[in-house]
Amino acid sequence: MNNAKKLEVQIKDMSMRNPVMTASGTFGYGYDYEDFLSLENLGAIVVKATTLNKREGNPYPRMAETPSGMLNAVGLQNNGVEYFCNKIYPKLKDKKTNVIVNVSGSTIEEYVEVAKYINTLPNIPAIELNISCPNVKEGGMAFGTDPSMTQRVVSQVRKAYNKTLIVKLSPNVTNIVEIAQAAENAGADSLSLINTLLGMAVDSEKKTALLSTITGGLSGPAIKPVALRCVWQVAKQTKLPIIGIGGIMNTQDAIEFILVGATAVQVGTANFIHPSISEEIAKGIAEYVDRHNLNHITDIRGII
Amino acid sequence: MKYCKDFTVVSNEIITPSLFILRLQYPEALPEIKAGQFVEILVEGERDKDVFLRRPISFHDVNYETNQIALLVQVVGKGTASLSKAKKGDKLNLIFPLGNGFTIMGKKVLLVGGGCGAAPLLYLLRILKQQNIETHTLIGCKDVNHLFSKSEYQSLSSLYITTEDGSYGEKGFVTSHPILQQTYDAIYCCGPTPMLKAISKHAKEKNIPCFVSLEHSMACGIGVCLCCVVDTQQGNKRTCVTGPIFLSTDLKDF
Ligand SMILES: Cc1cc2nc3c(=O)[nH]c(=O)nc-3n(C[C@H](O)[C@H](O)[C@H](O)COP(=O)(O)OP(=O)(O)OC[C@H]3O[C@@H](n4cnc5c(N)ncnc54)[C@H](O)[C@@H]3O)c2cc1C
Ligand SMILES: Cc1cc2nc3c(=O)[nH]c(=O)nc-3n(C[C@H](O)[C@H](O)[C@H](O)COP(=O)(O)O)c2cc1C
Ligand code: FES
């Protein structure tokens, strides 16, 4: 098989030239990274969370560094879906990669409205439904921690959206398989996991929490073992293509997710530290495929 | 255009046990750098496995002839402690130049710096000098041992100094120095937040535009994470892109 083709993967109707995507909230709108890499070398980019109306997000401080990771409490700051369609989409529509919009909301109606807007944009092949944000008071994670809520929001969005529908899962649950199956039954085309883990950090000298919201979302290498476990469990018990996320810093990490069942991966926090890392991981996977004499990257998918 | 490249350490000058100046060599011609802009420096690998994110540090000085830059760093935690051990020949990876930089304006301006927050003022003075703008520089520090780059400041500007213990210059804080009573076309201020606020208040009363440099904690430094926001009259703005230099009257808390 032609070498380039060995990395091509499919998420329902969306074809990607390689399995490497960038995670929502860590890659801006993609063009912010063009000084450091070529977007066309990535399988897809997922842009920041988009809600119906403009949101200011949470007060500063929103970030705390933790061992092998960080906490964030951004809280879905964005300019709303109309701004996205009118101001940002024109800058993205001719990029030579798949651009996926991360859709968030506080109510089922809000998710549906945003999905309807995005459905009208011809060059957006997929949305990622964020039912797992730990940093907002209403909605967000609530939809991703109760299977009946998951079922309701996904089935309503499914009716309003006819392209590839990815549902992003939260690790902050007792049984992630139950949520995954609820999303599958409601018509999701793919599952991406994991979003951040709910955590907190404290300053013992100042005797205060480090985040304005006290709790926030943990990301980075610290969460990789949890993410691998979640992907492995979900891959074994659903038929949908899985996108693995959580603490991917290099090629080995990405391969680990594929071995436990992921069809593609998303690189998140690592983008802050090594701005060209997603492109380097895509190259690294190509080298791995050669070194292990694979016919296709999916040969090793889910073998654990 | 932003770059992500390795610099080589030329020297690491220890000023006090907790303050040092790193001089770094760039392997090519430096791109244009504005005073007040900063770098995101990678502190990792052999040097320190516990430091996860990059650390933002301002340009203290820039020399286009030698393609060297200087960073003035205060040790406050594990990242800066690890950087303080950098030695000649080490490679350091930097993303740069980041942020907006100072707006250059007026004919006569005042620069106010407190502690190591004064870092960006040296390069600012060089730029102001090139534009023939008259400058007064007021530096406040703990004691005479914490005074750095004094002769360089003096060669570029009229220098006024306050020390908390009176070991050099006027005793006390910058905010009570008589030079503040003069009139200026603009004030440029870097240092701890209480000082920024006090100088901004003074500038507002005298109707002088005051530019302050904020040191918010940052995860990316390149505008994508939204962790560094500051509350402005126009809503939340990213300190790393819209700032770190803000007109004080644009900031809500100032
Ligand atoms: C745009 C910008 C320019 C800067 N320029 C300089 C400079 O030229 N020279 C310099 O020495 N420092 C500068 N800083 C501050 C510097 O980035 C921090 O001191 C550094 O990141 C601390 O890292 P650490 O690992 O040593 O400390 P940590 O272990 O991360 O923290 C130790 C302690 O320092 C405090 N701290 C951490 N970050 C900051 C911060 N940004 N501001 C105030 N307190 C903080 C923490 O709350 C904690 O109590 C700048 C910051 C910004 C945002
Ligand atoms: C600063 C920051 C902002 C984020 N914003 C979003 C978001 O808007 N929507 C979303 O679905 N996930 C968001 N995430 C979660 C990431 O997309 C990703 O799921 C998570 O960080 C785990 O991957 P990582 O360890 O590789 O970073 C954000 C993460 C960070 C660190
Ligand atoms: S530090 Fe990431 S947006 Fe400013």
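A few remarks follow.
- Selection status of residue A:99, more than 13 Å from chain B (Cβ to nearest Cβ) and crowded, with 19+ Cβ neighbours inside 10 Å: yes
- No other residue among B:181, B:233 is within 14 Å of chain A (Cβ to nearest Cβ), more than 16 Å from ligand 3 (Cβ to nearest atom) and open to solvent by 70 Å² or more (accessible area, probe 1.4 Å) apart from B:233.
So that you can scan it fast, the table gives a plain yes or no per residue for (1) at negative phi; (2) of a type in the set (Gly, Ala, Ser); (3) within 12 Å of ligand 1 (Cβ to nearest atom):
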residue: B:207; (1), (2), (3): no, no, no
residue: B:215; (1), (2), (3): yes, no, yes
residue: B:221; (1), (2), (3): no, yes, yes
residue: B:224; (1), (2), (3): yes, no, no
residue: B:239; (1), (2), (3): yes, no, yes
residue: B:253; (1), (2), (3): yes, no, no
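- Scanning region A:102-111 for residues that are of a type outside the set (D, E, K, R) and open to solvent by 20 Å² or more (accessible area, probe 1.4 Å) yields A:106, A:107, A:108.
- Scanning region A:4-17 turns up one or more residues that are at pLDDT 95 or above, of a type outside the set (Val, Ile, Thr) and touching a His at 6+ places or on another chain (Cβ under 6 Å).
Table: residues versus (1) within 14 Å of ligand 3 (Cβ to nearest atom); (2) touching a residue at least 60 places away in the same chain (Cβ under 8 Å).
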| position | (1), (2) |
| --- | --- |
| B:205 | no, no |
| B:215 | yes, yes |
| B:220 | yes, yes |
| B:226 | yes, no |
| B:243 | yes, yes |
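- Members of region A:80-113 found to be over 17 Å from residue A:29 (Cα atoms) and β-branched (Val, Ile, Thr), listed by number: A:107, A:108, A:112
- Filtered by the rule that a residue be within 8 Å of another protein chain (Cβ to nearest Cβ) and within 20 Å of residue B:221 (Cβ to Cβ), region A:67-83 gives A:68, A:69, A:70, A:72, A:74, A:77.
- Residue within region A:40-52 that is open to solvent by 30 Å² or more (accessible area, probe 1.4 Å) and under 26 Å from residue A:197 (Cα atoms) present: yes
- Hey, residue B:127 in contact with a Lys or Arg (Cβ under 7 Å, 6 or more places away or on another chain) and either under 26 Å from residue B:25 (Cβ atoms) or aromatic (Phe, Trp, Tyr) (or both) or not: no
- Matching strands (runs of 3 or more DSSP E) fully within region B:1-110 where at least 2 residues are at negative phi and out of contact with any strand residue (DSSP E or B) (no Cβ under 6 Å at 6 or more places or on another chain): B:3-16
- Highlighted here are the strands (runs of 3 or more DSSP E) found entirely within region A:1-119 that include at least 3 residues which are in contact with a helix residue (DSSP H, G or I) (Cβ under 6 Å, 6 or more places away or on another chain) and of a type outside the set (S, T, N, Q): A:98-103.
- Pair list, Cβ < 7 Å and 6+ apart or interchain, from region A:176-198 residues that are under 25 Å from residue A:220 (Cβ atoms) to residues that are among the hydroxyl-bearing types (Ser, Thr, Tyr) and surrounded by fewer than 20 Cβ atoms within 10 Å (Cβ to Cβ): A:180/A:238; A:191/A:238; A:198/A:215
- Whichever residue in region B:195-230 is among the β-branched types (Val, Ile, Thr) and crowded, with 24+ Cβ neighbours inside 10 Å and, among such residues, is nearest to the other protein chains (Cβ to nearest Cβ): B:224
- Residue within region B:6-15 that is more than 13 Å from ligand 1 (Cβ to nearest atom), more than 24 Å from residue B:228 (Cβ to Cβ) and within 14 Å of chain A (Cβ to nearest Cβ) present: yes
- Of the helices (runs of 4 or more DSSP H) lying entirely inside region A:224-273, the ones with 2 or more residues being open to solvent by 10 Å² or more (accessible area, probe 1.4 Å) are found at A:224-237, A:251-259.
- For region A:112-126, a residue qualifies if it is within 19 Å of residue A:149 (Cα to Cα) and among the hydrophobic types (A, V, I, L, M, F, W, C), and the qualifying residues are A:112, A:114, A:115.
- Of residues in region A:120-135 being modelled with pLDDT of 95 or more and of a type outside the set (S, T, N, Q), the one surrounded by the fewest Cβ atoms within 10 Å (Cβ to Cβ): A:122
- Members of region B:222-250 that are more than 16 Å from ligand 2 (Cβ to nearest atom) and either acidic (Asp, Glu) or outside any strand (DSSP E or B) (or both): B:231, B:233, B:234, B:242, B:243, B:244, B:248, B:249, B:250
- Residue in region A:17-39 that is most open to solvent (accessible area, probe 1.4 Å), counting only those that are within 18 Å of residue A:87 (Cα to Cα), more than 8 Å from chain B (Cβ to nearest Cβ) and within 16 Å of the chain's Cα centre (by Cα): A:29
The values are calculated or read from the model by the stated rules, or taken from the named source; none is laboratory data. Predicted model, so just to flag it, every value in this text is computed and none were measured. Methodologically, a virtual Cβ is constructed for each residue, glycine included, from the backbone with ideal geometry; neighbour enumeration extends over all protein chains shown. Areas reflect the complete protein model, heavy atoms only, side chains present, ligands, DNA and RNA absent. Shrake-Rupley method; radii C 1.70, N 1.55, O 1.52, S 1.80 Å.
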